[in-house]
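Report on the following structure.
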Amino acid sequence: MAQQNNGAVLNHPPKPFWLLAEITYRCPLHCAFCYNPTDYATHTQNELSTEQWIKVLRDARKMGALQLGISGGEPLLRDDIEEIVAEAGSLGYYSNLITSGVGLTEKRIAEFKRGGLDHIQLSMHDITKDINNFITDTNTFELKKKVAAMIKEYDYPMVLNVVIHRYNIEHIGEILEMAEALGADFVELANTQYYGWSLLNRSQLMPTREQLIKAEAITNKFRERVGSKMKVFFVVPDYYSDRPKKCMNGWGEVFMIVTANGDVLPCHSARVLPGLEFPNVRDQGLEWVWNESPTFNKYRGDDWMKEPCRTCPEKEKDLGGCRCQTYLLTGDAEGADPVCSLSSTHDVILQAIEDAKNPQLASQPILFRNDKNSQKIISGDLKDVLAPFHALP
Amino acid sequence: MSDKIKSEAVVGLARHYRFQWEEAQAGYVLLFPEGMIKLNGGAGEVIKRVDGKRTVGEIVAECKAAFPDVPDIEADVLAMLELALGKTWIAVKE
């Protein structure tokens, strides 16, 4: 009767139901687990204009885009979000502002409500001020609570996103209680996935298997207690499962991302992959990008697969996992995701799991996501940190 | 009628859910934070009548009138409403 797959509908031919507008890479927070590209600083000077974004929204909507995420960086650093939201509202998108809360004021939220913004997803980090401020490298703890209250006051669904890592996983029960006290409707406990800055900081961020099992048990107990009044999603970290995730629900199947500078990507970190040219909305129409461009067709379906995926009875379930993760960790973009226990490169994951038991805090300081570190990565000053990976994460 | 759902109950979409026709998919969809559901023709016909004003009995009666050729449509409509309640897409109004 109704079909659902990770919240997205599968259709053929594929349609870009989900449009993610990564509207700026600028961000007042410096989160150690950010998935943004480590060389984001190259894309902070050439952002699309308001008019260009409006054209993107119109064109994508014509192609069937329905869910719109307005993200970044911190989208509120742009002063035209009100205009963009109003356009999305009039086009019939179900729109979501994905924010740290920094820059959200009464005036702006009232304007978003008028413009038809459907929900606001607020990132939270911990129940303690210390860890919130440490992992984001900012003093934002109190502000987030104020923003949460504002979201409630304006009758938005309260959607909290908490990225889980070694520094907060032991507080998961208290984090859920805090969410309940704030009146959250949806809570996403998103275990860190290792791309961008989080990959650089993996040895610092990754919890142990024991921590993860405990956290999941606490989450399940909490779910039983609160029932349907609060929906809790626990995003399992793929490093600790035997099979890879069906990344993005398939390459070029339902997701399309337009980045701050107008590049169109099939997934958040596709820029790491070799031999692909990413079309830009300044030069190409979205219709062509989605249907015809070599990049969006590159890993569509399963023609590209090699063994062991090609003849694997489970290939439809995960489509071989994540191309970016596979390339970053193994150097072969067409191989099986190393997360899979059937992959010949699975040992790189086992090693990372082993390393998580021995965090070497002193010798590997966290690299926070900020312009200075990004510039250092671009200029090659941090070669040692990048050495284990096959591309710039 | 049904032991799970009363004929006189008024049902509406759950808070923050949106229901709309999508031209690109030639069908109705339900939208909510982090997800969407494409409804097939029958499901769409039921949910479009779930407006926070009509009772379950009225929805059944309307569907019967709209689709007189469908045998035992009452059971289908109730099954759809029960599914939607179970998934918390819709709620009984107090």
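Taken together, the values in this text are just the output of simple stated rules run on the coordinates, not laboratory data. As the structure is a prediction and not an experimental result, all values here were calculated from the model. Ideal geometry is used to build each Cβ from the backbone, glycine not excepted, and the neighbour counts take in all protein chains shown.
Residues A:THR192, B:THR88, A:THR219, arranged from fewest to most other Cβ atoms within 10 angstrom of their Cβ, appear as B:THR88, A:THR219, A:THR192. Using the rule -39500 (n - 2.57) for each DSSP H run of four or more residues, divided by the residues of chain A, the 222 nm mean residue ellipticity is -10000 deg cm²/dmol. Each residue of segment B:54-70 was assigned a 3J(HN,Hα) from its phi angle through the Karplus curve 6.51 cos²θ - 1.76 cosθ + 1.60 (θ = phi - 60°); the sequence is 6, 8, 4, x, 5, 5, 4, 4, 5, 5, 4, 5, 6, 10, x, 7, 7 Hz, with glycine and proline shown as x. Based on Cα contacts under 8 Å between residues 6+ apart, chain A shows a relative contact order of 20 percent. Placing a label point 7 Å from the Cα of B:GLU74 along the Cα-to-Cβ direction, the residues of segment B:1-38 whose backbone N falls under 12 Å from that point are B:1-3, B:7. What FRET efficiency comes out for A:SER379 versus A:GLU354 if R0 is 45 angstrom and r is the Cβ-Cβ distance? Round to the nearest 0.05. Computed FRET efficiency for A:SER379 and A:GLU354: 0.90.
Taking every DSSP beta bridge that has both ends in the protein assembly as shown, the antiparallel portion is near 40%. At what distance in angstrom do the alpha carbon centres of segment B:1-74 and segment A:221-276 lie from each other? So the separation of the two Cα centres works out to 30 Å. To the nearest 0.05, what FRET efficiency results for B:LYS64 and A:VAL235 with a Förster distance of 51 Å applied to their C-beta separation? Between B:LYS64 and A:VAL235 the formula returns 0.70.
For the residues of B:22-34, the average number of beta carbons from a partner chain within 10 Å of their own beta carbon is 6. By the beta-carbon count within 10 Å of each Cβ, the least crowded to most crowded order of A:ASP283, B:ASP69, A:ASP59, fewest first, is B:ASP69, A:ASP283, A:ASP59. The overall shape of chain A, judged from the alpha-carbon gyration tensor, is rounded, with an a/c ratio under 1.5. Shown in residue order for segment A:381-393 are the 3J(HN,Hα) couplings computed by the Karplus curve 6.51 cos²θ - 1.76 cosθ + 1.60 at θ = phi - 60°: 5, 10, 3, 4, 5, 8, 3, x, 10, 8, 7, 5, x Hz (x for Gly and Pro).
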